[in-house]
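Trainee: Sharing a structure below in structure tokens format, with a few things to ask.
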Amino acid sequence: MKFKLEGNIPALITPMKKNLEIDFDALRRFVDFQIENGVDAVLPCGTTGESATMSHQEHKKVIETVIDEVNGRIPVLAGTGSNSTKEAIDLTKYAEDVGADACLLICPYYNKPTQRGLINHFKIVAESTNLPVVLYNVPSRTGRNIEAETTIELSKIPNIIGIKEASGNLAQIMKIIKNTENFSVISGDDSLTYTIYMLGGTGVISVATNIVPRLMSDFIKNLRSENYKDARSYHYKLLDLFNVLFIETNPGPVKEAASLFKIAGISNWFLRPPLINPTPENSKKIKETIDALKVF
């Protein structure tokens with residue numbers, strides 16, 4: 001299927017057993033739960049999926065399992081980025097071989113390449129695959145911002161089709177939207193989804209969708225239908241949830257929420273160190289915020 005970077009796309013959390021092994025059976029049930037609740041695509045092995053603590057073998061198996069379970073019902077945007085260009089190529093080629101519809105490449109973290117280095121990295125990876133490529137800018141995680149000028153330059157590469165923007169920098173986001181053609185900008189911050197969409201964005205790659213996929217799908221549906229007043233109501237209804245899911249380092253709070261409410265009937269939502277469960281005080285805030293939505 002032709003991939004379009006748009007709509008409501010959950011950055012899937014990864015079910016893990018108490019021994020911290022990935023629960024692949026639960027992962028399949030979770031994918032079905034998301035599809036049943038109207039999501040437009042799924043993203044395995046993003047930051048929210050704890051890809052940073054996965055071995056390459058696990059990373060590949062998660063991607064393959066999600067693709068197999070989706071079975072063509074919706075697109076799969078596979079997280080295949082790395083701070084090593086060689087590793088990113090390996091993961092991207094694997095995702096292509098097992099049937100991913102597109103790949104998401106995070107800005108290389110820790111080694112802090114120059115903007116020229118970023119262009120070179122993304123160009124090399126994009127040229128190694130026939131998949132549509134989505135860039136991922138999250139400078140609070142990576143230590144390096146993909147500047148607007150860099151994104152604009154990269155947008156000229158035929159199979160680089162869009163960017164997940166989680167910089168929180170609306171001036172930068174507007175500059176990208178204004179100065180690119182046939183290039184999608186999708187929100188990487190739930191709380192900025194409404195604003196970015198109104199500026200010309202195409203949807204959200206979401207943390208909150210893991211917990212309330214139907215509410216998020218309805219939110220995006222209203223935006224796409226130009227029912228902006230109703231969409232704004234959804235935004236404010238969900239705003240406390242958007243905020244509380246970042247009360248501690250993501251995905252700690254969203255996994256805590258999934259555990260508290262046994263999302264998709266799954267109880268195996270353990271976290272791999274160095275991440276740790278939220279404090280009891282913050283866990284209480286998470287529960288109270290979701291209780292107020294009256295969806296469970």
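Trainee: Can you tell me which residue in segment 33-62 is nearest to S140 (Cα to Cα), limited to those that are buried (at least 21 other Cβ atoms within 10 Å of the Cβ) and among the aliphatic types (A, V, I, L, M)?
Mentor: In this case the residue turns out to be L43.
Trainee: All but one of (1) in contact with a Leu (Cβ under 8 Å, 6 or more places away or on another chain); (2) free of Cβ contacts under 8 Å to residues at least 40 places away in the same chain hold for D90; state the number of the condition that does not hold.
Mentor: Single failed check for D90: (1).
Trainee: Applying the selection to segment 2-23, what residues are modelled with pLDDT of 95 or more, within 26 Å of V134 (Cβ to Cβ) and among the charged types (D, E, K, R)?
Mentor: The first filter runs over segment 2-23 and keeps only residues modelled with pLDDT of 95 or more, leaving 3-23.
So of that shortlist, the ones also within 26 Å of V134 (Cβ to Cβ) come out as 3-16, 22.
K4, E6 - these are the residues of segment 2-23 that are modelled with pLDDT of 95 or more, within 26 Å of V134 (Cβ to Cβ) and among the charged types (D, E, K, R).
Trainee: Please go through segment 110-149 and give me each residue that is surrounded by 15 or more Cβ atoms within 10 Å (Cβ to Cβ), within 21 Å of the chain's Cα centre (by Cα) and in a helix (DSSP H, G or I), ordered by number.
Mentor: Selection gives L118, H121, F122, V125, A126, P139, R141, T142, A148.
Trainee: Which residue out of N227, N268, N250 is out of contact with any Phe, Trp or Tyr (no Cβ under 9 Å at 6 or more places or on another chain), under 28 Å from T202 (Cβ atoms) and touching a residue at least 60 places away in the same chain (Cβ under 8 Å)?
Mentor: Details: N227 fails: touching a residue at least 60 places away in the same chain (Cβ under 8 Å); N268 fails: under 28 Å from T202 (Cβ atoms).
One residue alone meets the criteria, N250.
Trainee: Restricting attention to helices (runs of 4 or more DSSP H) lying wholly within segment 195-296, give those where 3 or more residues are under 21 Å from the mean Cα position of the chain (by Cα), buried (at least 20 other Cβ atoms within 10 Å of the Cβ) and not basic (K, R). Steps first, please.
Mentor: Numbers: elements: 213-224, 228-244, 252-260, 280-293.
Per the criteria, 213-224, 228-244, 252-260.
Trainee: Here is a further query. Among A26, A88, A95, A78, which is the only one that is farther than 19 Å from S206 by Cα and either touching a Gly at 6+ places or on another chain (Cβ under 7 Å) or in a strand (DSSP E or B) (or both)? Reasoning before the result, please.
Mentor: Working: A26 fails: either touching a Gly at 6+ places or on another chain (Cβ under 7 Å) or in a strand (DSSP E or B) (or both); A95 fails: either touching a Gly at 6+ places or on another chain (Cβ under 7 Å) or in a strand (DSSP E or B) (or both); A78 fails: farther than 19 Å from S206 by Cα.
Answer to the check: A88.
Trainee: OK, next. I'd like the residue in segment 156-193 that is in a loop (DSSP other than H, G, I, E, B) and over 20 Å from the mean Cα position of the chain (by Cα) and, out of all such residues, is nearest to I220 (Cα to Cα). Quick ask: steps written out before the conclusion?
Mentor: Quick first cut of segment 156-193, residues in a loop (DSSP other than H, G, I, E, B) only: 156-159, 166-169, 179-183, 188-189.
Okay, now just the ones that are also over 20 Å from the mean Cα position of the chain (by Cα), so 156-158, 179-182.
Numbers: K156: 28, I157: 28, P158: 27, N179: 24, T180: 23, E181: 23, N182: 21 Å.
Within segment 156-193, the match that is nearest to I220 (Cα to Cα) is N182.
Trainee: Is it true that I152 is among the aliphatic types (A, V, I, L, M), under 14 Å from V185 (Cα atoms), more than 17 Å from the chain's Cα centre (by Cα) and assigned to a helix (DSSP H, G or I)? I'd like the intermediate steps shown before the answer.
Mentor: Working: among the aliphatic types (A, V, I, L, M): yes; under 14 Å from V185 (Cα atoms): yes; more than 17 Å from the chain's Cα centre (by Cα): yes; assigned to a helix (DSSP H, G or I): yes.
Answer is yes for this residue.
Trainee: Could you list, in sequence order, the residues of segment 29-44 that are part of a loop (DSSP other than H, G, I, E, B) and free of Cβ contacts under 8 Å to residues at least 60 places away in the same chain?
Mentor: Correct list: P44 only.
The values are calculated or read from the model by the stated rules, or taken from the named source; none is laboratory data. Computed from a prediction, not measured in an experiment: that's the story for all the values here. Note: ideal-geometry Cβ built from the backbone for every residue, glycine included; neighbour counts use all protein chains shown.
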